[in-house]
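Structure first, commentary second.
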2 protein chains.
Amino acid sequence: MLNVLTPEEALRLMESQFQPRQFVTEDAQVGDVLAEDVIASECVPDFDRSTVDGYAVLAKDTFGCSEAIPAILPVVGAVQMGERPDFSLTPGTCAAIPTGGALPEGADCAVMVEYTEDYGDGTIGIMKSAAPGQNLIFRGDDVKPGDVLFHAGHRLTASDVGALAALGRLNVRVHSQPLVGVISTGDELVSPEQTPGPGQVRDVNLPMLLALLTQWGVKIRDFGRVPDDEPLLLERVRAASEQCDMVLISGGSSVGQKDAVCRVLESLGEVLMHGIAIKPGKPTILAKTGDGKPLVGLPGHPAAAYYIARLFVKPLLDRLRGEQHREQTVTAKLTESVNANHGRAQITACRLEQRDGETLAVPIRSKSGLITQLARADGFFVIPRDCEGLPQGAAVDVILNH
Amino acid sequence: MLNVLTPEEALRLMESQFQPRQFVTEDAQVGDVLAEDVIASECVPDFDRSTVDGYAVLAKDTFGCSEAIPAILPVVGAVQMGERPDFSLTPGTCAAIPTGGALPEGADCAVMVEYTEDYGDGTIGIMKSAAPGQNLIFRGDDVKPGDVLFHAGHRLTASDVGALAALGRLNVRVHSQPLVGVISTGDELVSPEQTPGPGQVRDVNLPMLLALLTQWGVKIRDFGRVPDDEPLLLERVRAASEQCDMVLISGGSSVGQKDAVCRVLESLGEVLMHGIAIKPGKPTILAKTGDGKPLVGLPGHPAAAYYIARLFVKPLLDRLRGEQHREQTVTAKLTESVNANHGRAQITACRLEQRDGETLAVPIRSKSGLITQLARADGFFVIPRDCEGLPQGAAVDVILNH
């Protein structure tokens with residue numbers, strides 16, 4: 001077969017053929033990818049603040065004080081939240097201050113209320129000496145103008161949304177999420193709601209791929225199931241490629257179907273890759289339309305479609321939305337040896353177990369099982385194509401199913 | 001302060017006071033939590049299938065064959081995808097079969113097309129002997145009726161959605177996602193879009209909490225910001241608690257504000273807890289309305305609000321939606337010692353670094369920094385309250401920011 005690439009070559013091809021989309025929005029949501037660096041233009045905090053409830057004082061007024069001999073200071077004011085104090089401290093005075101309150105001029109530290117006593121006569125006793133700067137966070141302590149908080153390509157977490165809000169930068173430019181169309185093809189497929197007739201199977205790939213894409217935060221469009229009818233498939237894929245930024249076509253399992261998907265992709269654009277040297281997942285096709293959109297033909301077998309989506313579609317999507325793809329893995333120790341075929345990478349499903357403080361990967365020995373790989377596995381690992389197998393006890397990087 | 005609980009007591013209190021909601025839907029989506037066990041009622045696959053493209057044969061017809069001496073068999077049919085073969089094999093014959101095709105009666109294995117030659121005269125040469133069962137997956141190999149696939153309380157991943165589709169069980173009963181209302185309170189707060197005046201700060205908690213809840217898959221309702229005005233706050237919290245299944249009120253930072261939130265919660269239900277022995281995050285309040293809904297008062301400091309949401313609000317939400325809460329952590333080695341205060345748990349923000357194949361946790365030494373903890377940390381770890389600190393090199397379980 002022409003154009004069978006290694007997994008590494010396939011990833012490099014995607015990187016070289018597809019560019020981050022230029023569309024950006026200025027309404028950053030969690031999960032969006034930054035289209036620009038975020039550089040602070042102001043100080044956080046923007047004023048000197050107390051980190052405790054208590055009293056703003058001059059540290060030197062408290063030197064040497066104790067529970068036995070408190071420093072007795074008249075209260076000259078109370079700091080209000082959200083206001084700049086309209087008074088200042090002179091030596092030998094203090095002011096009530098809440099956590100987060102702005103430090104009045106003249107004060108240089110705050111004393112926790114727990115170490116004070118209110119005598120009720122307008123004076124406060126300070127029981128513990130304080131050092132200048134104590135219990136304060138100064139203007140710009142956290143961030144100063146010019147500090148780079150995030151680089152373009154960073155995917156926003158909820159805590160990042162908090163940081164952007166603190167800086168007034170929720171309007172940062174982010175890549176708009178691509179719209180991905182999904183089509184399932186194969187004469188043998190019936191809707192998951194239907195009871196399959198003889199020789200038929202329920203269509204797993206369409207709901208599974210839509211669920212995966214939902215989790216990845218992209219926009220989805222369901223183009224349904226198409227029987228093994230080339231003109232019909234061509235029409236459906238063309239419609240999807242016109243409406244969407246990327247199209248996934250899964251199936252078919254038979255030789256004729258595979259050829260049909262390939263011919264359809266050839267007639268709609270340039271086929272860049274026809275097969276990946278990985279098992280399962282070899283019958284994966286990548287094409288590019290005239291206007292630069294990726295069309296991906298995925299294997300019909302659901303477990304294979306799932307693995308290829310995780311290993312190749314996700315990085316491609318991340319490329320389109322400007323994100324630096326990074327797969328999070330769990331390192332685990334193989335409970336038994338696993339054989340592999342030289343010449344192609346091999347995907348092995350596994351369960352994870354915790355035993356004696358170690359994370360163990362238990363390979364799932366099944367034939368082309370669907371459920372065993374989708375429902376009963378915790379994840380999978382990839383044995384590189386130049387490796388003939390892994391011994392018991394070897395460390396593997398497990399990609400968790402999600 | 002009355003009713004200050006340890007973190008463990010707080011979690012047990014939530015478990016004992018709140019029950020999974022009874023509302024279920026029958027339209028399972030990725031991220032939903034199962035309200036029932038999923039037990040297979042049929043076989044997967046439902047018929048004997050080939051796992052290769054090639055020819056269905058009787059194994060004994062191939063015994064002893066080789067490239068030099070192929071077994072020559074007449075083709076009596078071609079299996080079509082999605083159909084039960086309308087023919088059967090007699091000894092000494094073969095039939096074309098695609099991957100996933102139903103095995104015709106009489107055949108007991110499949111030979112890959114790569115090991116065959118089509119002579120073009122209606123006969124096929126088989127170059128390699130095959131064993132009975134080879135390249136087949138039999139009816140029920142993957143799942144048999146009665147097999148338990150998932151237990152109630154399991155949260156559905158995309159691969160699980162695939163498994164449910166394979167079984168025709170996308171209509172499984174799942175807990176409906178709770179609707180959570182969020183209110184932010186404090187005189188010092190301005191909208192993140194505004195430039196704060198003297199003593200004011202941007203409201204970080206409202207957008208951050210909404211982003212967290214979005215990531216957790218629950219439904220959200222934004223009840224906005226309320227100044228430090230008790231009647232107004234009461235009215236807003238009452239409206240939210242009537243409309244939602246759970247309400248989060250963040251702030252205020254000052255003593256007066258804290259008291260106001262507490263009084264409001266007292267007047268709307270029973271205050272179950274007033275403070276957690278954890279730093280930061282002590283001023284956390286948990287109340288229960290007459291109709292059993294949780295109302296949570298979160299600290300005003302955004303980093304503290306974030307930690308409390310991760311450590312306590314998430315388990316509470318999982319309880320409401322029937323999920324077994326499980327926090328995924330990354331084990332890392334401390335690059336330096338960290339002191340802690342005996343008597344309360346301590347949260348420490350950290351960055352993660354990979355060095356010499358090890359994951360290292362670099363504690364972030366900052367005062368009450370916002371950005372340093374939200375944007376510059378990769379996560380945080382908790383030092384238990386009975387521990388006075390951790391030495392350099394100690395292993396910590398880091399909860400990743402998200």
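At what distance in angstrom do the alpha carbon centres of region B:181-195 and region B:297-355 lie from each other? That distance is 24 Å. Averaged over the residues of B:187-195, the number of partner chain Cβ atoms lying within 10 Å of the residue Cβ comes to 4. Quotient of the Cα radius of gyration of region B:329-400 and 2.2 N^0.38 Å, N being its number of residues: 1.03.
Round to the nearest 0.05 the FRET efficiency obtained for B:Glu26 and B:Phe87 when R0 = 41 Å and r is the Cβ-Cβ distance. It comes out at approximately 0.50. As a calculated quantity, the FRET efficiency between B:Thr123 and A:Val362 at R0 = 56 Å, using C-beta atoms, amounts to about 0.75. Relative contact order of region B:1-145: 33 percent, from C-alpha pairs under 8 Å at least 6 residues apart in sequence. Under the combined filter of DSSP loop state and at most 10 neighbouring Cβ atoms within 10 Å, region B:84-163 retains none of its GluC sites (Glu not before Pro). Taking the Cα centre of region A:329-400 as origin and assigning +1 to Lys and Arg Cβ atoms and -1 to Asp and Glu Cβ atoms, the resulting dipole is close to 300 debye.
Counting only other chain Cβ atoms within 10 Å of each residue's Cβ, the peptide A:373-381 averages 5. Both the radius of gyration and Dmax for chain A are 30.9, 94 Å, in that order, over alpha-carbon atoms. Computed on the protein assembly as shown, the Cα convex hull volume stands at 169 Å³ per residue.
Around the Cα centre of region A:49-137, unit charges on the Cβ atoms of Lys, Arg, Asp and Glu (plus for the first two, minus for the last two) sum to a dipole of about 240 debye. For A:Ser88, the point set 7 Å out from Cα toward Cβ sits 10.4 nm from its twins in the other copies, listed from shortest up.
For chain B, modelled as a GNM whose springs connect Cα atoms under 10 angstrom apart, the maximal fluctuation among B:Gly224, B:Gly101, B:Gly269 occurs at B:Gly101. Of all the Cα-Cα pairs you can form in region A:82-201, what percent are over 19 Å apart? Result for the distance tail: 70 percent.
A Förster radius of 41 Å combined with the Cβ-Cβ distance from A:Glu193 to B:Thr331 puts the calculated FRET efficiency at roughly 0.40. Only helices enter this figure: runs of n ≥ 4 DSSP H residues, each worth -39500 (n - 2.57), summed and divided by the residues of chain B, yield -5500 deg cm²/dmol at 222 nm to the nearest 500.
Determine the distance separating the Cα centre of region B:1-55 from the Cα centre of region A:56-76; give it in Å without decimals. Region B:1-55 and region A:56-76 have Cα centres spaced 59 Å from each other. Of A:Cys43, A:Cys262, A:Cys350, the residue with the greatest mean-square motion in the GNM of chain A, using alpha carbon springs below 10 Å, is A:Cys43.
Each Cα pair of region A:49-137 feeds into the Kirkwood radius, which the Stokes-Einstein equation turns, at 4 °C and 1.567 mPa s, into a diffusion coefficient of 105 µm²/s.
With chain A treated as a Gaussian network of Cα nodes joined by springs under 10 Å, which of A:Asn341, A:Asn135, A:Asn205 yields the largest mean-square fluctuation? So, out of A:Asn341, A:Asn135, A:Asn205, the one fluctuating most is A:Asn135.
Charging the Cβ of each Asp and Glu at -1 and of each Lys and Arg at +1, and nothing else, the dipole of chain B about its Cα centre rounds to 1820 debye.
Residue by residue, region A:34-40 carries 3J(HN,Hα) couplings of 5, 9, 8, 5, 9, 10, 5 Hz when phi is fed to the Karplus relation 6.51 cos²θ - 1.76 cosθ + 1.60 (θ = phi - 60°); x denotes Gly or Pro. Ranking B:Thr25, B:Ile72, B:Gly82 by how far each Cα lies toward the positive end of the dipole of the protein assembly as shown (charges on Cβ) leaves B:Ile72 at the top. Across the options B:Val190, B:Pro207, B:Val180, the greatest Cα extent toward the positive end of the charge dipole of region B:143-257 (unit charges at beta carbon of Lys, Arg, Asp, Glu) belongs to B:Val180.
Legend: mean number of C-beta atoms from other chains within 10 angstrom of residue C-beta atoms, peptide A:207-218, equals 5.
Since every read-out is calculated from the coordinates, none of them should be taken as a lab result. Note that the structure is predicted; figures quoted are calculated from it, not measured. With ideal geometry, Cβ positions are generated from the backbone for all residues, glycine too; neighbour counts draw on all protein chains shown.
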